[in-house]
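First comes the structure, then the notes that go with it.
The values are calculated or read from the model by the stated rules, or taken from the named source; none is laboratory data. Since the model is a prediction, treat every value here as computed from it, not as a measurement. With ideal geometry, Cβ positions are generated from the backbone for all residues, glycine too; neighbour counts draw on all protein chains shown. Keep in mind that these areas ignore ligands, DNA and RNA; they rest on the heavy atoms of the full protein, side chains included. Shrake-Rupley method; radii C 1.70, N 1.55, O 1.52, S 1.80 Å.
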Amino acid sequence: MTVESTAARTPRRTSGGKRAGGKAAGTKAAKTAASKTAAKNAKPGEPELVQLLTPEGERVEHPDYAIELSADELRGLYRDMVMTRQFDAEAIALQRQGELGLWPSLLGQEAAQIGSGRATKDDDYVFPTYREHGVAWCRGVDPSKLLGMFRGVNNGGWDPNTNNFQLYTIVIGSQALHATGYAMGITKDGADSAVVAYFGDGASSQGDVMEGFNFAAVYNAPVVFFCQNNQWAISESNEKQFRVPLFQRAEGFGFPGVRVDGNDVLAVLAVTRAALERARRGEGPMLIEAFTYRMGAHTTSDDPTKYRQDEERAAWEAKDPILRLRRYLLAEKMADEAFFADLETESEAFGKQVREAVRAMEDPDMMAIFENVYADGSALVDEERAQFAAYQASFATESISGSAAGAHGEGK
């Protein structure tokens, strides 16, 4: 069973509206309001972040990033975030019920993922980590394929080239190198598309990411490095990872960096769209730091209550990305209660579809693990396959022997 049809109802990318890059023609008052709002929401001593929608749901302008979206497009972004959160909640519940081996939640990061995902074009290529469920939704990947991987019934489950969305990367930070290499390749091919590499604040401490930065800068690769700074690399806070804001690292490698409010889907969309257009014009890489927060655990095997305070989460819940867009839609009369009620019904039906899809998945062939290890085969793998087959067969032999012994005993 597949849930692909539900995801496919949402267009791959948001269309229309003004280009997000360049100088905005906002008024002086609007620029001042944006500056004050950004300053208010930044931590003391930290730089301002790009923000177009405040936590209270007020629309503000930014002098460098402008965006205009229709009511339909805004409602579409809201639907994307709601459906993604519903999917994430179902996955957590399924793991708790023993249906999945593990699940990395994106709770709280919906705006960072939907905003950036909707900024991409069909011919752009995305290299995710293992938490980009919202980006996968935007790229049209069947959600059940994501769950199949964490259920252990497939090795990724989707063809990366069908949606230009690479398989999830569990190795921390390696996708920065993969994305850079791919971007260098499409440049040689003469393509005018761009690449996005996702990683977290924890991965920023990996050497792979720094190497990716350097190669991208030297070869002017059309890649956007998108860091979701959710404040915690498992149990390590930002204070224990780095001493300067992450986006400032880009300057040391020779390309621009920007910090955006990662809970503001409009700002993320505008900034990412501008960065991608810059890359397509041949102006090289850019680093986006989406300043957000991981509301839940790192994965379902983690207990965040052991290393962070409830007050911290409560402060970020007030900046919830879905709630702020809902407030804006209601204030501007772009959506009514009927819209939200219909969407709730749709999301609940989607959740049921997800549950049914997971429980209908067949167990994999245990011997399939040896397939596709080497393109031309391997004597060692053949030997290991034979050993494992004999090991599996031994259970059947023991079962038969046990049944025979039981029958013999009953006959006495």
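Here are a few things to note about the model shown:
- Nearest-10 value in Å² for the accessible area of V209, using the 1.4 Å probe: 0 Å²
- Taking V271, V171 and ordering them by how much accessible surface each has at a 1.4 Å probe, largest first, produces V171, V271.
- Heavy-atom accessible area, probed at 1.4 angstrom with all protein chains present, ranks E236, E90, E362, E348 as E362, E348, E236, E90, highest first.
- In the context of the full protein assembly, D376 retains an accessible surface of approximately 150 Å², using a probe radius of 1.4 Å and ignoring ligands and nucleic acids.
- Modelled spin labels at D365 and K306, positioned 7 Å past Cα toward Cβ, are 4.1 nm from each other.
- Share, in percent, of DSSP beta bridges within segment 142-283 that are antiparallel, nearest 5: 25 percent
- For segment 183-274, the fraction of 1.4 Å probe accessible surface lying on carbon and sulfur atoms is 50 percent.
- Global geometry of segment 139-254, whether rounded, prolate or oblate, following the gyration tensor of its Cα atoms and the 1.5 cut on a/c: oblate
- Among the protein heavy atoms, those of S301 account for about 100 Å² of accessible surface (1.4 Å probe, every chain in place).
- For segment 64-128, Kirkwood radius (reciprocal of mean inverse C-alpha pair distance, Å): 13.8 Å
- Descending principal axes extents, segment 39-179, alpha-carbon based, whole Å: 48, 36, 35
- Segment 43-101 and segment 191-240: distance between their alpha carbon centers, rounded to Å: 20 Å
- Computed P(r) (all Cα pairs; segment 226-313; 10 Å bins; percent): 16, 40, 29, 13, 2
- For segment 261-401, a simple Cβ point-charge model (Lys and Arg +1, Asp and Glu -1, everything else neutral) yields a dipole of about 700 debye relative to the Cα centre.
- Exposure rank, largest accessible area first [L52, L323, L107; 1.4 Å]: L323, L107, L52
- In a fully extended conformation the segment linking N372 and Y391 would gain 4.7 nm over its present Cα-Cα distance, using 0.36 nm per residue.
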